[in-house]
Structures are given as structure tokens and as C-alpha cells.
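Next up is a structure, given as C-alpha cells.
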Amino acid sequence: MNKSELVDAVVKSLGASSRAEAERAVSAVIDGIKTGIRKDKSVQLVGFGTFRVAERAARMGINPKTGEKIKIKKSKTVKFAAGKELKSKL
């Protein structure tokens with residue numbers, strides 16, 4: 001499911017609501033998650049799951065084309081852990 005399909009699902013769920021309102025609602029939730037991750041380093045949605053910032057250590061890698069060893073810098077990424085209720089729906 002992509003963002004457009006999610007907006008359509010929100011429109012169906014809310015009934016008479018317009019597509020523009022649903023799109024603003026979905027965008028607001030996504031922006032809220034982004035802001036929360038930046039500010040607090042994690043966002044927990046009870047029953048759904050937790051988004052958190054994880055750090056990747058610097059490491060050595062191999063260029064698959066040339067076989068040359070390269071140094072990969074440390075970086076940050078976002079990890080998601082599904083909540084109990086979401087896991088039970090799978």
C-alpha cells in the first residue's frame with residue numbers, strides 16, 4: 001500500500017470526508033512521526049508499534065563490482081517494531 005492508497009482507505013473509513021481532508025490527515029500523522037523521531041528519538045503508537053532511531057556503526061564493505069574494500073561511514077536509520085496488537089492481526 002502506498003500513500004495514495006492509504007488516503008483512499010481513510011476516505012472510505014471516514015465516509016463523507018473529502019479526499020483532500022484525508023490527505024491532510026495522513027500527511028499530518030506522517031509529519032508528526034517525523035517530528036517525534038527527530039525530537040525524542042522514538043514514537044510509540046500503542047497497539048501499532050514503535051518507531052525509533054538506531055545508529056549503524058562504521059564498517060568495512062566491499063564494492064560488488066570491483067571487489068575493492070571500502071569504508072562505510074556511521075549513519076542513523078529508523079527502525080520499526082510492531083506492537084502486540086499489530087502482530088496478532090498478521
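Might you check whether a residue that is acidic (D, E), closer than 24 Å to K3 by Cβ, touching a residue at least 12 places away in the same chain (Cβ under 8 Å) and surrounded by 10 or more Cβ atoms within 10 Å (Cβ to Cβ) occurs anywhere in the range 33-43? So that I can check it myself, show each step before the final result.
Here is the first cut: in the range 33-43, the residues acidic (D, E) are 40.
Subset that is closer than 24 Å to K3 by Cβ: 40.
If we keep only those that are touching a residue at least 12 places away in the same chain (Cβ under 8 Å) too, we end up with none.
Scanning the range 33-43 turns up no residue that is acidic (D, E), closer than 24 Å to K3 by Cβ, touching a residue at least 12 places away in the same chain (Cβ under 8 Å) and surrounded by 10 or more Cβ atoms within 10 Å (Cβ to Cβ).
What residue, among those in the range 56-90 that are closer than 20 Å to G36 by Cβ and of a type in the set (A, V, I, L, M, F, W, C), is farthest from the chain's Cα centre (by Cα)?
Only one residue tops the list, namely L86.
In this structure, is V26 within 18 Å of the chain's Cα centre (by Cα), of a type in the set (V, I, T) and either outside any strand (DSSP E or B) or over 22 Å from K3 (Cα atoms) (or both)? Before you say what the answer is, go through the steps one by one.
Values: within 18 Å of the chain's Cα centre (by Cα): yes; of a type in the set (V, I, T): yes; either outside any strand (DSSP E or B) or over 22 Å from K3 (Cα atoms) (or both): yes.
Judged against the criteria, V26 is a match.
Would you mind listing the strands (runs of 3 or more DSSP E) fully within the range 38-90 where at least 2 residues are among the charged types (D, E, K, R)?
Values: elements: 42-45, 49-56, 59-62, 69-72, 75-82.
In the range 38-90, 49-56, 69-72, 75-82 are the strands (runs of 3 or more DSSP E) which contain 2 or more residues that are among the charged types (D, E, K, R).
Can you tell me which residue in the range 18-28 is nearest to F80 (Cα to Cα), limited to those that are exposed (fewer than 13 other Cβ atoms within 10 Å of the Cβ) and aliphatic (A, V, I, L, M)?
Step by step, filter the range 18-28, then rank; the result is A28.
Read the figures in this text as sums done on the coordinates, not as results from a lab. Here the structure is a predicted model, which is why all the values come from computation and not from measurement. All Cβ positions, even for glycine, are placed from backbone atoms using ideal geometry, and neighbour counts span all protein chains on display.
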